[in-house]
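Every number here is computed from the coordinates shown, using simple stated rules; none is lab data. Everything numeric in this text was worked out from a predicted model, so none of it was measured. Cβ: placed from backbone, ideal geometry, glycine included. Neighbour counts: every protein chain shown.
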Amino acid sequence: MWYQKFDTFIRGLGFTRSKVDHYVYFKLIGDRVIYLVLYVDDMLPVGNEKEIIQDLKTQLSPKFDMKDLGAANYILGMEIKRDWEKRKLWLNHRKYVETILQRFNMQDSKPVKVPIPIGVNLSAEQCPRHKKRKRTCPVLHMQVQSIA
């Protein structure tokens, strides 16, 4: 019930619900963008300008019981770090990885920079070909970080 009320209200403000994750909304305002991520009873607004985040909070607070917890430092096991001057944001799963290692009694394992053996070369040419598609391997862009 709460989600339906929220969904109707936030879409009425011009937000679009993500087709991939219905708990993620976004809105483009010229060159400004704001995302709103829902998790259980928490909201995480993310935008490229503080003013649009504040405007959203002002619009939401009369309709929904909210408590502003300030800038998020952790969400869903991810650490959030910012450099406000350079307008950069970093997400880190270090705590989550450490928790998983402890759960499986692997906290004393030797850290490595990448999770594959040294010297292995991967390329698109190694992907299997499919008759209807050029390649069946998806292209992934990610950064692997050592927890050492």
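Give the calculated FRET efficiency between Leu89 and Lys63 to the nearest 0.05, with a Förster radius of 30 Å applied to their Cβ-Cβ distance.
Efficiency for this residue pair is about 0.60.
In nanometres, what is the gap between the two model label sites at Thr99 and Glu51, each 7 Å from Cα along Cα-to-Cβ?
In this crude label model, Thr99 to Glu51 measures out at 3.8 nm.
Could you check the spin-label model distance between Asp41 and Leu28? Points 7 Å from the Cα along Cα→Cβ, value in nm.
Using points 7 Å along Cα→Cβ, the separation is 3.6 nm.
Which ³J(HN,Hα) values in Hz, rounded to whole numbers, follow from the phi angles of the range 56-66 under the Karplus curve 6.51 cos²θ - 1.76 cosθ + 1.60, where θ = phi - 60° and Gly and Pro get x?
Listing the rounded values in order: 5, 4, 5, 6, 7, 4, x, 9, 10, 6, 10 Hz.
For a quick check: with amide H placed at 1.01 Å from N, whose amide H comes under 5 Å from Glu49's, ignoring anything fewer than 5 positions away on the same chain?
Sorted by chain and number, the residues that satisfy this are Val33.
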